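Read the structure below first, then the notes.
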Amino acid sequence: MTTGGSLGSLRAANRAALLRAIESAGSLSRADLMRATGLSRTAVSSLVGELLSDRLVVEREERGTPHRGVRGRPPVLLELASNRGAVLAIDVGHSHMRLALARLDASILDELQLGFAVDDQPAETLDRLADQALGLLDNHNVGADEVRGVGLGIPGPVDRDGRMTSSILPHWRGLQPGAELERRTGLAAHVENDAHMGALGELAFGAAHGVSNAIYVKAATGLGAGIIADGSLIRGATGIAGELGHVQVDPAGKVCRCGSRGCLETFVSGPQLVQLLQPTHDRELTVELMLALAEGGDMGADRLLADAGRSIGRVLADLCNVLNPERIVIGGTLGASTTLITGVREAVDRHAQPSASAAVTVVGSQLGERAEVMGALALALART
Ligand SMILES: [Zn+2]
């Protein structure tokens, strides 16, 4: 873990844009690249320098066509190097894993998702993940030596050594998922928790693009957040930064999976809301069904999601006072609910300082359930 994740991911998105422009034109000068991408001369010059030293592009001098009226050398053209390499992005959730194989210009070669009970079976999860990752490379004839970076998102806090030390995902405690994956595949991965990945994904490719101060909330089976402050992802001393779901909202509440009592997550996770709604319905409910019921006007579902949004917003309001973000992005399965997002907005308006509340927009995720895998992609690209 060397560079600040989010600045790195913005840079990665710009590098990818340059590579796409060069690929579609075949060859371009630096001046052409400024026009094609809208980036400044300094930015293009610095990014091209990186791409050259990473041997992703090569220079070629155009012969015989000096610019009219301009003395000196003809423009130097940039072309893609013949071995362009690939990156692998992996998002492991509580009950799924998603993998994407992409070129260095961020174009996706292939993406797959499978359901899997992750929380209580780390070894099986990592075995399955390794099989899928190697299978994906095989299917696209990408050799392991061509893989320039791997980003791996895990649904629990990860410290600076890539180790899971928190009680939040108890069966994974003490494990180093990146090292485990490397032992199984030979591929070294950069590991972050899933909500941090979501923040990096929305920052590079989605609803927080171009924003320096943002909070991404993943509201799904669990509840977590990724905080971008002044352009950098806040990881904290031990990787716990952003663990919004474990803010205590009721000291006398239910015991949480983390060992504490009355955590926000014990009130507003997807399964918890389904359980609360179930007694009023005969058929077995799921999170997706609950969201559809709310959209269709079911008053109970609507009420639950609005209250869940207000509970999340109450905690976010304090974060707004502390961090003064300009955007809050609500992602995860529950982020699809406009009712929940409205509830967040109401609570932020009610409980944050007026100037902090006025500064922030609350929006749904643009990348939806792909935010985390796209963040893993941004991180992998940033570390190539
Ligand atoms: Zn907890």
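Data for the structure
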{"quantity": "For the chain: relative contact order, % (alpha-carbon pairs under 8 angstrom, 6 or more apart)", "calculated": "18 percent"}
{"quantity": "For peptides 97-106, 20-29, sequence by mean Cβ density within 10 Å, most packed first", "calculated": "97-106, 20-29"}
{"quantity": "Cα lying deepest toward the dipole's positive end in region 208-365, options 248, 267, 334, charges on Cβ", "calculated": "248"}
{"quantity": "Anisotropy class of region 124-252 from Cα gyration tensor, a/c 1.5 cut", "calculated": "oblate"}
{"quantity": "Per-bin percent of Cα-Cα distances, region 208-365 [10 Å]", "calculated": "12, 41, 34, 12, 1"}
{"quantity": "Distance (nanometres) between label positions extended 7 Å along Cα→Cβ at residue 43 and residue 27", "calculated": "2.7 nm"}
{"quantity": "Peptide ranges 292-305, 158-171, 370-383 listed from the most packed, as the mean C-beta count within 10 angstrom indicates", "calculated": "370-383, 158-171, 292-305"}
{"quantity": "Relative contact order for region 208-365, counting Cα pairs under 8 Å that sit 6 or more residues apart, in percent", "calculated": "24 percent"}
{"quantity": "Packing-based exposure ordering (other Cβ within 10 Å, fewest first) of 218, 254", "calculated": "254, 218"}
{"quantity": "Under 5 Å, built H, 5+ apart or other chain: amide partners of residue 118", "calculated": "95, 96"}
{"quantity": "Label-point separation, residue 146 to residue 131 (7 Å along Cα→Cβ), nm", "calculated": "2.4 nm"}
{"quantity": "Gained length - residue 261 relative to residue 55, 0.36 nm times residue gap less alpha-carbon distance", "calculated": "68.9 nm"}
{"quantity": "Residue-averaged [θ]222 nm for the chain, counting only DSSP H segments that reach four residues, each worth -39500 (n - 2.57)", "calculated": "-13000 deg cm²/dmol"}
{"quantity": "Most mobile listed residue (87, 44, 348) in the chain, GNM with C-alpha springs under 10 Å", "calculated": "44"}
{"quantity": "Helix runs (DSSP H) in the chain reaching 24 Å along axis by Cα, Kyte-Doolittle at least -1.0", "calculated": "5-25, 122-139, 299-323"}
{"quantity": "Rough spin-label spacing in nm, given labels placed 7 Å along Cα→Cβ, for residue 254 and residue 179", "calculated": "3.5 nm"}
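Every number here is computed from the coordinates shown, using simple stated rules; none is lab data. Predicted model only: the values in this text are computed from it and were never measured. A quick note on method: Cβ atoms are made from the backbone with ideal geometry, for glycine too, and the neighbour counts reach across all protein chains shown.
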